[in-house]
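Scroll down for the structure; my scribbles are underneath it.
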Amino acid sequence: MTGVHLTWPGRHAPLPPQNHALTPLLTLPGRPDVGTARLLAGQALAVLDRLLQEGAAGTIDLVYLDPPFGAGVSWPRRRDVQTATGRAAQNVVAYEDPADDLVDWLQHLDTVLARVHTLLSPRGSVYLHLDFRRAPHARLLLDERFGAANLRNEIVWAYGLGGSSKDRFGRKHDVIQFYAKDPRHAYFAAPLQKATSQRLKGQAKRATDVWQTPHAGADAPIEGAWPDSLIDLTLSNSDSQRTGYPTQKPLALLDRIVHASLPPGGVALDPMAGSGTLAVAAVRAGGRVILGDRSAVALDASRGRLVALGATLQLDNVDGALTVETLAQPAARRNGAQVQLLPLDMAGQGVDALSAWGVVDAHGRALAWWDGGAERTRGLVPLTLSLPAGEAQTLLAMDTAGQLWRGVVL
Ligand SMILES: C[S@@+](CC[C@H](N)C(=O)[O-])C[C@H]1O[C@@H](n2cnc3c(N)ncnc32)[C@H](O)[C@@H]1O
């Protein structure tokens with residue numbers, strides 16, 4: 001305790017963890033050289049409590065938190081639906097970041113940090129990603145929960161795009177607060193590379209242990225300020241990494257965090273995962289990752305990226321957060337070793353709006369699966385898949401707004 005304590009109207013100690021129901025939805029095999037990912041559909045607190053319920057206290061090595069910033073923005077996802085008068089556009093909320101909920105936000109963050117502290121292993125670290133709006137409040141909460149002496153870095157990620165104004169200086173950086181649970185045992189391995197630039201070549205080891213940047217001759221020592229020229233160019237709208245999910249962070253930013261703080265064989269956690277950038281960095285490094293989100297659109301983006309990488313994937317529903325619509329009519333027909341998707345009209349969308357479909361057994365294990373992966377513009381969905389002999393009777397499909405559909409295989 002620092003002696004300085006943040007208070008707000010109605011502040012109370014985090015409530016004890018509650019039990020939450022879990023339904024397995026889908027298990028997909030992956031490539032052995034890629035890591036494994038568990039996606040939990042649900043509210044962040046329910047996901048964290050569920051992990052505690054499963055006995056995960058003290059087992060997580062890296063937590064990345066990228067919660068709402070209080071920006072006062074709502075991002076919709078457009079979906080096309082068939083109406084009586086023709087095709088029409090409908091908006092579903094992809095991500096909402098309200099501006100006016102500071103008290104609730106603080107109470108929620110306080111409880112999240114309490115759970116995260118319990119879940120972290122002795123070698124574990126947490127990175128909390130915010131901007132100028134709420135980073136100062138969060139810093140005091142982190143000091144209370146983790147101990148002010150355990151702040152390792154306040155990282156400034158400076159980026160190029162956005163934030164300009166005629167009335168003030170440009171707002172062009174985020175703040176990432178990095179705390180170790182216990183600095184005596186914390187894992188930290190900055191992924192260093194030898195300098196190649198003329199300027200640093202041949203210098204003493206300390207000075208030559210630098211990040212090699214994508215820009216020739218721009219090597220520099222690692223410090224707490226990370227201009228995006230050292231990480232990546234800010235994700236432009238046309239960047240090939242773009243999933244279309246709002247507030248997506250560049251992979252190079254999360255690569256740096258994963259390489260520094262995820263020990264070999266360790267487990268990473270991102271309970272507000274959005275498009276799953278932390279998860280992508282972790283599985284590319286061969287690690288295990290648990291990610292959660294309450295947004296179906298976010299889960300669709302994360303699943304697609306992880307499947308495209310070849311990650312072994314498990315999708316579980318916490319408290320039924322992801323609604324699963326049951327199709328009244330049969331959805332597919334089994335024909336020997338093949339299963340054929342029937343030309344269904346899912347909520348008026350038509351099958352071409354699916355991002356994935358397949359046949360699962362009673363435990364959600366995929367027996368035949370097609371996935372649009374990370375493609376932003378989905379191609380035509382194959383209507384026939386090969387199906388091994390088995391008892392599978394259930395079709396599972398996901399549309400491009402993340403809605404899940406379950407149907408009978410004839
Ligand atoms: C800033 S975005 C994360 C972006 C992500 N780092 C990326 O690179 O794509 C925050 C995410 O947190 C999710 N979220 C916000 N509040 C949540 C809550 N209470 N429980 C679960 N998810 C939440 C939102 O749906 C959103 O996807």
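Since every read-out is calculated from the coordinates, none of them should be taken as a lab result. None of these values were measured; they are calculated from a predicted model. In this analysis, Cβ positions are derived from the backbone assuming ideal geometry, glycine residues included, and neighbour counts consider all displayed protein chains.
What order do you get for 162-175, 246-259 when each peptide is scored by the mean count of other beta carbon atoms within 10 Å, highest first?
So the order, starting with the most tightly packed, is 246-259, 162-175.
Once you have the Kirkwood Rh of the range 324-408 from its Cα pairs, apply Stokes-Einstein at 37 °C and 0.692 mPa s and quote D in µm²/s.
D, rounded to a whole number, is 257 µm²/s.
Please turn the phi angles of the range 38-49 into ³J(HN,Hα) values with the Karplus equation 6.51 cos²θ - 1.76 cosθ + 1.60 (θ = phi - 60°), one per residue in order, whole Hz, x for glycine and proline.
10, 9, 10, 7, x, 5, 4, 5, 5, 5, 5, 5
Within straight cross-link reach of K249, meaning Cα distance under 17 Å, which aspartates and glutamates are found once same-chain residues fewer than 8 apart are removed?
D66, E96, D97, D131, D174, D228, D232, D239, D270, D293, D300
Below 8 Å, C-alpha to C-alpha, sequence gap of six or more: please give me the relative contact order for the range 324-408 in percent.
Reported as a whole number, the value is 38 percent.
How large is ³J(HN,Hα), in whole Hz, for each residue of the range 394-410 in order, when computed from phi with the Karplus curve 6.51 cos²θ - 1.76 cosθ + 1.60 and θ = phi - 60°, using x for Gly and Pro?
Rounded to whole hertz, the list is 10, 8, 10, 9, 10, 8, 6, 9, x, 5, 9, 10, 10, x, 8, 9, 5.
Name the long-range amide H neighbours of L39: under 5 Å, sequence gap of 5 or more, or other chain; modelled H, no Pro or chain starts.
Here L291, Q314, L315, D316 satisfy the definition.
At 7 Å along Cα-to-Cβ for each site, give me the label-to-label distance between D101 and E154 in nm.
Distance between label points: 2.6 nm.
Whose amide H sits under 5 Å from the amide H of L262, counting only residues 5 or more places off or on another chain, with H placed in the peptide plane?
Close amide H contacts, sequence-distant or interchain: none at all.
Say each of V4 and L342 gets a label point 7 Å from the Cα, pointing the same way as Cα to Cβ; how far apart are those two points in nm?
About 6.6 nm separates the two model spin labels.
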